[in-house]
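Undergrad: Take this structure first; my questions come after.
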Amino acid sequence: MYEFKTPCINYYTQHILPMTDAKQLSLEENFQGKIDAEIKIEPKDWMPEKYRKTLIRQISQHAHSEIVGMLPEGNWISRAPSLRRKLGLLAKVQDEAGHGLYLYSACETLGIERDTLLDQLHTGKAKYSSIFNYPTTTWADIGAIGWLVDGAAIMNQVPICRCSYGPYARAMVRVCKEESFHQRQGFEILLTLSKGTDEQRAMLQDAVNRWWWPAVMMFGPSDKDSPNTAQSMKWKIKRFTNDDLRQKFVDVSVEQAKILNVTLPDPDLKFNEETGHYDFGVIDWDEFWQVVKGNGPCNRQRLNARKKAHEEGAWVREAAMAYAEKQEQRQATSISKVA
Ligand code: FAQ
């Protein structure tokens, strides 16, 4: 059982207290001790400023990804090929909105306002996942997003259920359950196409050709070029490195591709008897960084759509605030009447 050397200190108070080096050191030792002992860090616990900032960066980027991630699929809600497909897609896109809101709430527990986070997204200061800057040109893209993008997302996010920061870890439990439904609906769309006409099978192969490499890139830069991984692993924000997760994703996807009867667009994909994993080709990191820097095929379109939706939703936020104030006033009046 882990023993606390000092009592937990309110993080907000701690923030403004001048600290001696020795005290700071013991706080940091206690903090790391809790993490090593798998004790969750909660919002009011003391935490190093860099831990807080790393979490705000990661959780907010994750939230932005969920929200921007609604756009490529939203494109197909009005064109889904049947009522059943439309219902499935609507539910998936709504789930993603929910994930974004959960994650913004988890991020707010670290002492940052939601308006600030949204401002960071709209001004291009905060990143969101590279994958959502690619276009969805055919219905098969919706299947490919579910299979590959949600598949990659699950691979990365299941370990975050064991993240050291309590609110993020707990939010991820439901998110992962829903992502797993998303992955299955995508796979089922593709399985149906794989049993369809020549044209449908060609559409499936074309979508897989376009989405495979961007999905492989989603895991982020190679470990040797990832500035944040080492510290995030020590703090148990990340449980696996980018390359480890990418390899797991490739290994499972190759087997699933066989069921779909599609070819993955990588001539170097080959099972390696020695490692027990699939070797794969060289990733085009130039493409990845171009997309991350804002020069992908749809970056401008995505950001403009988000900004427009935010502006057009101003009246909803105002109405919600007015309603909440009215409820508060009503409650105050009824309490004063009882008293
Ligand atoms: N795109 O040092 P690292 C989803 C940035 S949700 C853009 O390795 P870290 C659900 C990174 O931010 C998908 N930027 O960084 C869905 C950093 O820049 P910074 C999102 C990327 O944080 C499905 C720099 O490169 N998932 O798909 C990307 O340790 C379908 C150096 O990188 C999450 O956010 C990228 N792909 O590891 C929705 C999961 N990769 O901030 C709709 C949580 C890296 O220093 C439809 N996040 N960068 O300026 C994570 O696990 C981590 O943050 C990583 C990056 C693994 C993404």
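None of the figures in this text is laboratory data; all of them are computed from the coordinates on show. Just so it is clear, the structure is predicted and the values come from calculations on it, not from any experiment. We place every Cβ from the backbone using ideal geometry, glycine too, and count neighbours over all the protein chains shown.
Undergrad: Compute the long axis of helix 49-68 from its Cα atoms, compare it with the longest principal axis of the Cα atoms of the chain, and write down the angle in degrees, 0 to 90, nearest 10.
TA: Compared with the principal axis, the helix lies near 40 degrees.
Undergrad: Hey, with R₀ at 25 Å, roughly what FRET efficiency would A324 and E42 work out to, going by the Cβ-Cβ distance, to 0.05?
TA: E(calc), rounded to 0.05, equals 0.45.
Undergrad: On to the next question. Picking from A140, G98, W46, whose Cα lies most toward the positive end of the charge dipole for segment 41-140 (charges on Cβ: Lys, Arg +1; Asp, Glu -1)?
TA: A140
Undergrad: Could you go through segment 223-228 in sequence order and give the Karplus-derived ³J(HN,Hα) for each residue, using 6.51 cos²θ - 1.76 cosθ + 1.60 with θ = phi - 60°, rounded to whole Hz, and x for Gly and Pro?
TA: With coefficients 6.51, -1.76 and 1.60, one gets 3, 5, 10, 9, x, 9 Hz.
Undergrad: With the chain treated as a Gaussian network of Cα nodes joined by springs under 10 Å, which of Y278, Y102, Y128 yields the largest mean-square fluctuation?
TA: Answer for the Gaussian network model of the chain: Y278.
Undergrad: Name the residues whose placed amide hydrogens come within less than 5 Å of the amide hydrogen of H277, ignoring near sequence neighbours (fewer than 5 apart) on the same chain.
TA: Amide H neighbours of H277: N272.
Undergrad: Projecting each Cα onto the charge dipole of the chain (Lys/Arg +1, Asp/Glu -1 at the beta carbon, about the Cα centre), which of M203, G276, S78 comes out farthest on the positive side?
TA: Farthest towards the positive pole: S78.
Undergrad: Expected output is a single nm value to one decimal: the length gained when fully extending between A22 and K258, i.e. 0.36 nm times separation in residues minus the C-alpha distance. What is it? Display every interim value, and only then the final one.
TA: Details: separation 236, 0.36 × 236 = 84.96 nm, distance 5.87 nm.
Taking 0.36 nm per residue and subtracting the Cα distance, the gain is 79.1 nm.
Undergrad: In the Gaussian network model of the chain, springs joining C-alpha atoms below 10 Å, which of A144, A230, A320 carries the largest mean-square fluctuation?
TA: Checking each option, the largest mean-square fluctuation is seen for A320.
Undergrad: May I ask for the angle, rounded to the nearest 10°, between helix 198-217 and the longest principal axis of the chain, with both axes built from Cα atoms and the value confined to 0 to 90°?
TA: 40
Undergrad: Continuing with this model, one more query. I'm checking a number: the convex hull volume of the Cα atoms of segment 74-169, normalised per residue, in Å³. What is it? Before the final figure, lay out each step's value.
TA: On the way: hull volume 11.6 nm³, N = 96.
Per-residue hull volume (Cα only) is 121 Å³.
Undergrad: Here is a follow-up. For K238, which sequence-distant residues (separation of 5 or more, or a different chain) have an amide H within less than 5 Å of its own amide H, given hydrogens modelled in the peptide plane?
TA: For K238, whose amide H was placed from the backbone, the distant partners under 5 Å are M233.
Undergrad: So if I place +1 on the C-beta of Lys and Arg and -1 on the C-beta of Asp and Glu, and nothing else carries charge, what would the dipole magnitude of segment 136-198 be about its Cα centre? I want it in debye, nearest 20.
TA: Working: 6 positive and 6 negative charges, 79 e Å.
That gives segment 136-198 a dipole magnitude of about 380 debye.
Undergrad: Counting only C-alpha contacts under 8 Å and six or more residues apart, can you give the relative contact order of segment 207-261 as a whole percent? Show your work: numbers first, answer last.
TA: On the way: 23 pairs, mean separation 17.9, N = 55.
It rounds to 32 percent for segment 207-261.
Undergrad: Only Cα pairs under 8 Å and at least 6 apart count here; give the relative contact order of the chain as a rounded whole percent. Write out the running numbers ahead of the final one.
TA: Numbers: 361 pairs, mean separation 56.0, N = 339.
That works out to 17 percent.
Undergrad: OK, next. Under 8 Å for C-alpha pairs, at least 6 residues apart: give me the relative contact order for segment 126-181, rounded to a whole percent.
TA: Working: 26 pairs, mean separation 16.1, N = 56.
Reported as a whole number, the value is 29 percent.
Undergrad: Return the whole-Å distance between the Cα centroid of segment 124-146 and the Cα centroid of segment 176-236.
TA: Cα centroid of segment 124-146 versus Cα centroid of segment 176-236: 10 Å apart.
Undergrad: Tell me, what ³J(HN,Hα) does each residue in segment 104-117 have, in order and in whole Hz, if you take phi through Karplus 6.51 cos²θ - 1.76 cosθ + 1.60 with θ = phi - 60° and put x for Gly and Pro?
TA: 4, 5, 4, 5, 4, 5, 8, x, 10, 7, 4, 4, 5, 4
Undergrad: Can you tell me the dipole magnitude for segment 17-98 around its Cα centre, using point charges on the Cβ only (Lys, Arg +1; Asp, Glu -1), in Debye to the nearest 20? Each step should come with its number before you reach the end.
TA: Values: 13 positive and 12 negative charges, 123 e Å.
Charge dipole, segment 17-98, about its Cα centre: 600 debye, nearest 20.
Undergrad: For the chain, what is the per residue volume of the convex hull drawn over the alpha-carbon atoms, in cubic angstrom? Kindly include the intermediate steps, with their values, before the conclusion.
TA: Details: hull volume 65.5 nm³, N = 339.
Here the figure is 193 Å³ per residue.
Undergrad: Sticking with this one: In the chain, once you exclude exposed GluC sites (Glu not before Pro) (DSSP loop, at most 14 other Cβ within 10 angstrom), what's the longest stretch remaining? Show your work: numbers first, answer last.
TA: Working: sites that count: E3, E38, E113, E273, E274.
It works out to 114-272.
Undergrad: Between E29 and D279, what's the calculated FRET efficiency when r is the beta-carbon distance and R0 is 45 Å? Round to 0.05.
TA: On the way: r = 42 Å, r/R0 = 0.93.
Rounded to the nearest 0.05, the efficiency is 0.60.
Undergrad: Given P297, T241, A309, which one lies farthest toward the positive end of the charge dipole of segment 228-339, if we put +1 on the Cβ of every Lys and Arg and -1 on the Cβ of every Asp and Glu?
TA: Of the listed residues, the answer is A309.
Undergrad: Okay, moving on. Label points 7 Å out from Cα along the Cβ direction at T137 and R79: separation in nm?
TA: 1.2
Undergrad: Follow-up. Using only Cα atoms, what is the ratio of the radius of gyration of segment 137-235 to 2.2 N^0.38 Å?
TA: Values: Rg = 16.3 Å, N = 99, 2.2 N^0.38 = 12.6 Å.
Dividing the Cα radius of gyration by 2.2 N^0.38 Å gives 1.29.
Undergrad: So, one more: Name the residue, out of D36, D141, D115, whose mean-square fluctuation peaks in a Gaussian network model built on the chain with Cα pairs under 10 Å.
TA: The residue that fluctuates most here is D115.
Undergrad: So, R0 is 41 Å and r is the distance between the beta-carbons of Q200 and Q94; what FRET efficiency does that work out to, to 0.05?
TA: Values: r = 27 Å, r/R0 = 0.66.
In this case the efficiency is close to 0.90.
Undergrad: Given charges of +1 on the Cβ of Lys and Arg and -1 on the Cβ of Asp and Glu, with all other atoms neutral, how large is the dipole of the chain about its Cα centre, in debye to the nearest 20? Please report the intermediate quantities before stating the final value.
TA: Working: 44 positive and 44 negative charges, 217 e Å.
Its charge dipole is roughly 1040 debye.
Undergrad: Give the angle, between 0 and 90 degrees and rounded to the nearest 10, that separates the Cα long axis of helix 166-194 from the longest principal axis of the Cα atoms of the chain.
TA: 10
Undergrad: Can you pull out the trypsin sites (Lys or Arg not before Pro) in segment 176-217 that DSSP calls coil and that have at most 16 other Cβ atoms within 10 Å? Each step should come with its number before you reach the end.
TA: On the way: sites: K177, R184, K195, R201, R210; in loops: K195.
Sparse-neighbourhood loop trypsin sites (Lys or Arg not before Pro): K195.
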